[in-house]
1. With the structure loaded, tell me whether B:S46 is on the phi > 0 side of the Ramachandran plot and modelled with pLDDT of 95 or more or whether it fails that test.
2. Out of B:A67, B:A93, I need the residue that is modelled with pLDDT of 95 or more and either within 16 Å of the chain's Cα centre (by Cα) or surrounded by 15 or more Cβ atoms within 10 Å (Cβ to Cβ) (or both). Which one?
3. Restricting attention to region B:43-65, which residues are more than 17 Å from B:D147 (Cβ to Cβ), part of a helix (DSSP H, G or I) and free of Cβ contacts under 8 Å to residues at least 40 places away in the same chain?
4. Confirm whether A:R182 is surrounded by fewer than 19 Cβ atoms within 10 Å (Cβ to Cβ), over 26 Å from A:T68 (Cβ atoms) and modelled with pLDDT under 95.
5. Could you grab me the full set of residues in region A:259-269 that are in a helix (DSSP H, G or I) and either closer than 14 Å to A:R231 by Cα or touching a Ser or Thr at 6+ places or on another chain (Cβ under 9 Å) (or both)?
6. Here are some conditions: (1) under 18 Å from B:A235 (Cα atoms); (2) of a type in the set (A, V, I, L, M); (3) surrounded by fewer than 23 Cβ atoms within 10 Å (Cβ to Cβ). B:L30 meets all but one. Which one does it not meet?
7. Select from region B:82-99 the residues that are closer than 14 Å to B:T56 by Cα and either assigned to a loop (DSSP other than H, G, I, E, B) or not hydrophobic (A, V, I, L, M, F, W, C) (or both) and list them in ascending order.
Amino acid sequence: MTAKARGTTPKTSGDTTNGPLVDAHAHFLHAACGRSDWEAVNAARFRAGDRMGVTVHVASVLGSYGHTSPTYFPSPADVTAGNDAMRAICAAEPKRVRMLVTVNPNHTAHALAEIAKGAASGAVGIKLLASRRADDPLLDPICEAASAQRFPILHHIWQHRTREWPNQEISDGADLARLAVRHPTVTFILAHIGGGGDYQHTFHAIREVPNIVPDFSGSGVDRGMMDNAIRALGASRLLFGTDLTMCTGLAKLRALETTGLCTPADIEAMRWRNAARVFGAARLGLAEAI
Amino acid sequence: MTAPRFALDASAWIGTYPFRHVPHPDPDALLRVMDRESIGCAWVGSLGAVFHRDPTDANADLYRTLAPLAERLRPAPIIRPDFPGMNRELGFACDAGAESIRACPEQWGLGSSHPAMTELALACAERGLALHLTVRYEDLRQRHRLDTAADLPAATVRALARAGGDALRLVVSAAGRDMIEETHWGLTPAEQRRVYWDFTWVWGPPEDHLAHLFRSIGSERFVFGSQWPLRLVQAPIANLDLLPDSVREPSGGIRLGNPAVR
């Protein structure tokens, strides 16, 4: 006997019949990232996105991904090259890709210029890596620019920072909460609750800070993670996202239906309506869906 | 009655986990999940016993709990080879209908070439029991500070695969691509055929590690496993659903190793 795992079109939440689906945390590679397979990886994101029913990939390019400067500490030249590559992908895929402008806040003037350039070319938000701790004053001018452009900021987060880790200046939910309190007009997307660390700490840290909305991307698929997130924050503060592992994003999306905590409207909110509120429905091309 | 989509979940557990709350880790909930996801039967271990010095009492509880559900939930007791009475415990496992047993060498401080683990592997092969090992129970980055056991190293799997005869069946849960490749390509073809992997921790698209592994070492080396109740059972299923068509059979299916591992 042969076990057959049928690879049919997903039948639950990932199905295209369930309305729009916005991936709020995606990345694309590019020719200068040092990987010869960069086009195949990008194609795989589109292939899987189509199968999952992703309507819009809100994506960023993280400099050279470590090829010519560190991923989380990208040089200004790599930031610019990455953003230019991201713009080219948007131009090639105008319906299904939107851009976050990546910046390194250690280079304030360069970062502000990149944000202005992004705003002029249709970007929908800003991507901050781990180049500076989230509550550092150097992030304030970035946040002020975000407020002026009505951009949300997607901030890379380590769930519960208990020590330093190499190659990044990590921040956790508590760090981001201090920044978010200083900038109440800006929406902060707390990156990947499934992306490593203690997500249970995060929910406590940001519960009382309503301008922080986590995305549930990341490779972590702990049972109870989504339940805890919904109980602590409510469906209106959670965004669907995938980051580096689209399968785990789809798994968490499907699991929403089994928590017993979500109405169909709640699931719709996490699939796309919250993203439309955070990024702007028109900017995502979803105005007609509202 | 249609056949289940997955004949076997090789990596299920019941019971509480010492380092975080796990919702509804009981056999009734597991059966409901299996019905929902179309899973025929499961090898079920006692999650708490992973951290017990002596797992025999937890095994007795496991046998009692699963006995009424034996058609679908097969006990997978944890058997400690460095404690006296290993063969007696293996006998109990066979009497209880077990098809596999589990070992936790990292939790017990048994290194990669520990003779007791080799003895256990040989004894399992002799009795027709699969030996199930788990690389990790949680992501390294979120562990409780008292949870100090390291991830299972590839060297342990290689040592066991080399030591066992052709009757040995090792099932390794929760390995990533790097460990699978390091192990597989460090074994002879005959040794490779003794090892099966679940893909609960293998990345899907866009990196497509699972598709790569299916192409490079063959989907027959993999079995369906979920790590329920620690992980979402939807995760390995979503990973299969997102595979590129190029790794599928003409029928659209994937040929897994589940029938051979039993």
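The values are calculated or read from the model by the stated rules, or taken from the named source; none is laboratory data. All figures in this text were calculated on a predicted structure; none of them were measured in a lab. Using ideal geometry, Cβ is built from the backbone for each residue, glycine included, and neighbour counts are taken over all protein chains shown.
1. Working: on the phi > 0 side of the Ramachandran plot: no; modelled with pLDDT of 95 or more: yes.
No.
2. Values: B:A67 fails: either within 16 Å of the chain's Cα centre (by Cα) or surrounded by 15 or more Cβ atoms within 10 Å (Cβ to Cβ) (or both).
Unique residue meeting the criteria: B:A93.
3. Those that are more than 17 Å from B:D147 (Cβ to Cβ), part of a helix (DSSP H, G or I) and free of Cβ contacts under 8 Å to residues at least 40 places away in the same chain: B:T56, B:D57, B:N59, B:A60, B:D61, B:Y63, B:R64.
4. Values: surrounded by fewer than 19 Cβ atoms within 10 Å (Cβ to Cβ): yes; over 26 Å from A:T68 (Cβ atoms): yes; modelled with pLDDT under 95: no.
It is false that A:R182 is surrounded by fewer than 19 Cβ atoms within 10 Å (Cβ to Cβ), over 26 Å from A:T68 (Cβ atoms) and modelled with pLDDT under 95.
5. Hits for region A:259-269 are A:D266, A:I267, A:A269.
6. For B:L30, the failing item is (3).
7. First pass over region B:82-99, keeping only residues closer than 14 Å to B:T56 by Cα: B:82-93, B:96.
Listed by number, the residues that qualify are B:D82, B:F83, B:P84, B:G85, B:N87, B:R88, B:E89, B:G91, B:A96.
This table checks each residue for (1) hydrophobic (A, V, I, L, M, F, W, C); (2) farther than 23 Å from A:S147 by Cα; (3) part of a loop (DSSP other than H, G, I, E, B).
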residue: A:V181; (1), (2), (3): yes, no, no
residue: A:P184; (1), (2), (3): no, no, yes
residue: A:H192; (1), (2), (3): no, no, yes
residue: A:S219; (1), (2), (3): no, yes, yes
